[in-house]
Amino acid sequence: MSDLRELYQQVILDHNKNPRNFKELPAATSKVEGYNPLCGDHYTIYLQLDGDTIRDVGFTGNGCAISKSSASVMTSSVKGKTKEEADRLFDVFQKLVTGHAAGLDEAELGRLAAFSGVSEFPARVKCATLAWHTLRSALQGIGEKVSTE
Ligand code: ZN
């Protein structure tokens, strides 16, 4: 278990240091700002939809290591997926970080599993889910700003 924890920590540190898809998308079909005032995490998610498929997704902004690495893993996980698949991944991720991981499909979780430790720190759940909430808002095309408060 401690080896697994170390591996998870490595994933988070790596994505924090070298965030994937950390860029604006000139061809974005929607752009939503997400803000978590409790921690100060502040990101903009850029989404390029092709019909129901997420053709590309990027993000910019700043925040703590959990929020930034989560945004990075989120963008890598949903690229190429349909809206429905992305929505389902968010549900799975939310269960994981709120401590309802029992019965979740590990294969489906993939890299998202690195955030399982967040469930032990309820104050960090908003950091971990900020990018996902922002993505959902962008997918639904509602609002240009999301706040966790
Ligand atoms: Zn944070």
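The values are calculated or read from the model by the stated rules, or taken from the named source; none is laboratory data. This is a predicted model, so every value here is computed, not measured. So basically every Cβ, Gly included, is an ideal-geometry build from the backbone, and we count neighbours across all protein chains shown. Remember, those area values only see protein heavy atoms, side chains included, never the ligands or the DNA or RNA. Shrake-Rupley method; radii C 1.70, N 1.55, O 1.52, S 1.80 Å.
Within the stretch 87-113, work out how many residues are aliphatic (A, V, I, L, M), outside any loop (DSSP other than H, G, I, E, B) and out of contact with any Ser or Thr (no Cβ under 8 Å at 6 or more places or on another chain).
4
For the stretch 27-39, which positions are assigned to a strand (DSSP E or B), open to solvent by 30 Å² or more (accessible area, probe 1.4 Å) and under 18 Å from residue 149 (Cα atoms)?
Answer for the stretch 27-39, where residues must be assigned to a strand (DSSP E or B), open to solvent by 30 Å² or more (accessible area, probe 1.4 Å) and under 18 Å from residue 149 (Cα atoms): 33, 35.
Restricting attention to the stretch 30-50, which residues are in contact with a helix residue (DSSP H, G or I) (Cβ under 6 Å, 6 or more places away or on another chain), more than 16 Å from the ligand (Cβ to nearest atom) and among the aromatic types (Phe, Trp, Tyr)?
Listed by number, the list is empty, since nothing qualifies.
In this structure, is residue 42 open to solvent by 20 Å² or more (accessible area, probe 1.4 Å) and outside any loop (DSSP other than H, G, I, E, B)?
yes
State all residues of the stretch 55-80 that are away from the ligand (no atom under 15 Å from the Cβ), buried (at least 24 other Cβ atoms within 10 Å of the Cβ) and assigned to a strand (DSSP E or B); if no residue qualifies, say none.
57, the sole residue that qualifies.
Do you know which residues across the stretch 99-149 are among the polar types (S, T, N, Q), modelled with pLDDT of 90 or more, surrounded by fewer than 21 Cβ atoms within 10 Å (Cβ to Cβ) and within 16 Å of the ligand (Cβ to nearest atom)?
119
Are any residues in the stretch 81-98 within 26 Å of residue 51 (Cβ to Cβ) and open to solvent by 80 Å² or more (accessible area, probe 1.4 Å), and if so, which ones?
Passing the criteria: 84, 85, 88.
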